[in-house]
Amino acid sequence: MAYSEKLIDHYENPRNIGSLDKASDDVGTGLVGAPACGDVMKLQIKVGADGLIEDAKFKTFGCGSAIASSSLVTEWVKGKTIDEAETIKNTDIAKHLALPPVKIHCSVLAEDAIKAAIADYRAKMAQKDVKKDEAAE
Amino acid sequence: MDHFARLGLPAALDLDAGTLDKAYFAGQRQWHPDRFVAKPPEERAKASTEAAALNDAYRTLKNPLDRAVYLAALKGVDLPGDGKTIDDPDLLMEAMEAREELEEAGTVRAVDALAAKVRGDFDKALKGLGSLFLANDKPAIRKALLRLRYLDKFGEEARARRTNIERGTG
């Protein structure tokens, strides 16, 4: 199977591998996995005071397409607002990396991961607001 | 006809390897192409279809995890398909931590220790399936099968990691 240059580049030189502090209030963590292939993917975002994603990290145990998909997403979301980051579609990822049809599910996983990270961040913000309200009462 | 019926076995999780082999070899003899060379084409075709189905049944039932997944599907357990993320955060956390430990394991001995632990978890979870099937607890069966798939995959990854270390490429 022929893989695209972009895919191979992301696989061989993955961007933003690593972890952010899961316990930190400004970090959202998305943890997802594909049952059929046993892959696990962790994607984290750190949101600045200005509402922009200032850092993103990932750790993926899976095939090359899963690694490339998550690497690409971390690159794309940096500097975006979470609302913008949320609009990333798996089809954009698959198209950019020219994923073969059997590997489309890897891009779906990456989309799920960023969505989960954003949901986690939002949940933390909501929690913070509740605490603030409680403190004000 | 389901795989169990094809081999004349009760549809159950527990299956003795010797009993399965015996049933398979009997079926193989029955549908062996040598016995059909002089027969009309439609009978030959039937024999070859039966032999292929028999092989398929045997392969699936021989592997304990494949057998459990197959039986669960027969019982109407809704197993998540490909391309959908798992909705079990504890399992994902467990899988992530295990894979990180494996990545950090730098010696064959360390890899073997991790693999042995996970193998133990796998065997335990597989044993636990029996009572879940008896109780027909579908959500619990689904959850256990998902975990078993991950533990099984870990075993594969551990073998690959071991080979890499031995070759000095890890």
ask   = So which residues in the stretch A:58-86 are part of a strand (DSSP E or B) and surrounded by fewer than 20 Cβ atoms within 10 Å (Cβ to Cβ)?
value = A:Thr81
key: Qualifying positions in the stretch B:140-170 - loosely packed, with under 14 Cβ neighbours inside 10 Å and farther than 18 Å from A:Ala34 by Cα   = B:Arg159, B:Ala160, B:Thr163, B:Asn164, B:Glu166, B:Arg167, B:Gly168, B:Thr169
ask   = Considering only helices (runs of 4 or more DSSP H) fully contained in the stretch B:4-102, which possess at least 1 residues that are of a type in the set (A, V, I, L, M), closer than 30 Å to A:Asn90 by Cα and touching a residue at least 60 places away in the same chain (Cβ under 8 Å)?
value = B:64-74
request  = Just name the residue that is nearest to the chain's Cα centre (by Cα) out of those in the stretch B:68-104 that are more than 12 Å from every other protein chain (Cβ to nearest Cβ) and crowded, with 20+ Cβ neighbours inside 10 Å.
outcome  = B:Ala68
task = Run down A:Lys57, A:Lys46, A:Lys80 and say which single residue is among the basic types (Lys, Arg) and within 14 Å of chain B (Cβ to nearest Cβ).
result = A:Lys57
note = Taking the stretch A:87-123 and keeping only residues that are within 23 Å of A:Leu20 (Cα to Cα) and surrounded by fewer than 17 Cβ atoms within 10 Å (Cβ to Cβ), one is left with A:Thr87, A:Ala119, A:Arg122, A:Ala123
query = How about the stretch B:143-161: which of its residues are at the interface with chain A (Cβ under 10 Å from one of its Cβ atoms) and either touching a residue at least 60 places away in the same chain (Cβ under 8 Å) or not in a helix (DSSP H, G or I) (or both)?
reply = B:Leu145, B:Leu146, B:Arg149, B:Asp152
key: Lone unmet requirement of (1) within 13 Å of the chain's Cα centre (by Cα); (2) within 18 Å of B:Ala95 (Cβ to Cβ) for A:Lys80   = (2)
task = Go through A:Val32, A:Val108, A:Val130, A:Val102 for me and flag whichever is away from every other protein chain (no Cβ under 12 Å) and either of a type in the set (A, V, I, L, M, F, W, C) or not in a helix (DSSP H, G or I) (or both).
result = A:Val130
Exclusive hit being among the aliphatic types (A, V, I, L, M) and under 25 Å from A:Ala2 (Cα atoms), set A:Val108, A:Val130 = A:Val108
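Here, each number is a calculation from the coordinates, and none is a lab measurement. Bear in mind that the values here come from a model prediction, so they are computed numbers and not experimental data. Neighbour counts run over all protein chains shown; Cβ positions are idealised from the backbone, glycine included.
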